[in-house]
Amino acid sequence: MSILTRFQIDSADFARDPYPAYERLHREDLMYFDPKYGAYLVGKYEDCVQILTSPTFTTRPLTSRAEPVMRGRVLAQMEGDEHGSKRKIVVRGLNGKSHRERFVPLIRQTAERLLEPFLGCGKIDLVNDFGKDFAVGVTLGILGLPLDNSAQVAIWHAAIADFITSLEMDQGRRDRNIECSRLLAEYLRPFVEDRQRQPGDDLISLLCSAEIDGQRMSTSEVIALCLNVLAAATEPADKTLALLFKHLIDHPEQFAAVLDDRVLLADAIDETLRITPPVQLIPRQPSEGVTISGVAIPGDSLVFCLIGAANRDPKVFRDPGRFNLRRNKSGERSLSGMARHLAFGAGTHVCVGAAFSRLQLEVTAGVILDRMRDIRYDSDFDYREAGLYTRGPSSLRLSFIGVRPLSEPKPGSSHSDPALRCPMSRDQ
Ligand code: 2IO
């Protein structure tokens, strides 16, 4: 039986560091309630799994939170046959073998291209110099879109993400964010129309040509799914990458183990997703009154599953606040033996891009380890995280020793004077 306790989700303390509030939730067996938003905040692992797998808990909060900027319904909102068939198409586009064979070179080349200008100077902000462009670049690549407008797409994406993840917005900010999503949708439209006429081997083409009960999707349905993929694949990617390197730098012994045996990267990524999931909240709305851990939640209320809390539930993960990439292997992983973290959610709406994102993180972290030796925090770097819904480092300023690929650049090329080629760090 949990105790329902008043809580202020938009307090400065929680924004600075939500993890102490999660720890208290477990220690005192609490469920939080924020009267301002009428929101129930559920953090126990078992409760979150129950909510995410229960048909009583609908995804209705996304109607106001996502639909206006997705210009249609996202996968996470759909139910029944529509959800089943559209999800299957996206699964095929992301996880089909031929697609995966194209993704590895796409991810690797995008990472190499964006890192290259920083190798000479040995300094990079992994979030603002690399991660954000990287996340947008790879997403455009899987959709089969050109990179020439990626800076503009990044700006539109930031506005869309701001809309989806903000608890409150004034009318001006709301309107500006919706306008950015309209501009992005209009940017996408000619590409979608082109792929409808002449399909290629990219995700947009697959969305255009796939048939559901003998019918193709309309242009606006395809655009909504493109916006969905753009937001979902871009928003958490730079955050997880930066968090991975933060944890590795903070745990030199585990970092050394990963450098020694790259196979461990996959475990380090999984442990990063557990201890600091980039998506911290999953909103749900019960269609009728329900009781969770003894607390009565009225029908139609707003419920947030606190994924960051569930992933540190001491009933499920031993010593949950400790980053330990070996917890999978050492039997230390969980008390139940079978527990998995909820960073990708659970139930019918479990993240459709989970396998792709793991591949993306593994390949990218591999490139970073190949190109950057002796990675450490830049001397005066002050670490900060931001975000309640999606959360990650605001920046991660690193110093390192650059290692160029063997074949490039050619001697005597303009790359030969590294000092001249060091771009200004963007946040300075
Ligand atoms: C687009 C928070 C970026 C999703 C989302 C409104 C629906 C859904 C998620 C993730 C990440 C986003 N929700 N991906 O939590 O598609």
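Would you confirm whether or not region 51-60 contains a residue that is surrounded by 13 or more Cβ atoms within 10 Å (Cβ to Cβ) and in contact with a Leu (Cβ under 7 Å, 6 or more places away or on another chain)?
Looking for residues that are surrounded by 13 or more Cβ atoms within 10 Å (Cβ to Cβ) and in contact with a Leu (Cβ under 7 Å, 6 or more places away or on another chain), one finds none in region 51-60, hence no.
Could you pull out every one of the helices (runs of 4 or more DSSP H) wholly within region 25-105 that has 1 or more residues that are within 16 Å of the ligand (Cβ to nearest atom) and of a type in the set (G, A, S)? It would help to see each step written out before you state the result.
Numbers: elements: 45-53, 61-65, 67-70, 80-95.
Once the helices (runs of 4 or more DSSP H) in region 25-105 are filtered for at least 1 residues that are within 16 Å of the ligand (Cβ to nearest atom) and of a type in the set (G, A, S), what remains is 61-65, 80-95.
Is there a residue being buried (at least 19 other Cβ atoms within 10 Å of the Cβ), more than 19 Å from the chain's Cα centre (by Cα) and of a type outside the set (A, V, I, L, M) anywhere in region 281-296?
There is at least one residue in region 281-296 that is buried (at least 19 other Cβ atoms within 10 Å of the Cβ), more than 19 Å from the chain's Cα centre (by Cα) and of a type outside the set (A, V, I, L, M).
Inside region 317-335, can you point out the residues that are modelled with pLDDT of 95 or more and aliphatic (A, V, I, L, M)?
Listed by number, the list holds a single entry, L325.
The values are calculated or read from the model by the stated rules, or taken from the named source; none is laboratory data. None of the values given here were measured: they were computed from a predicted structure. As a convention, Cβ positions derive from the backbone with ideal geometry for all residues, glycine included, and neighbour counts pool all protein chains shown.
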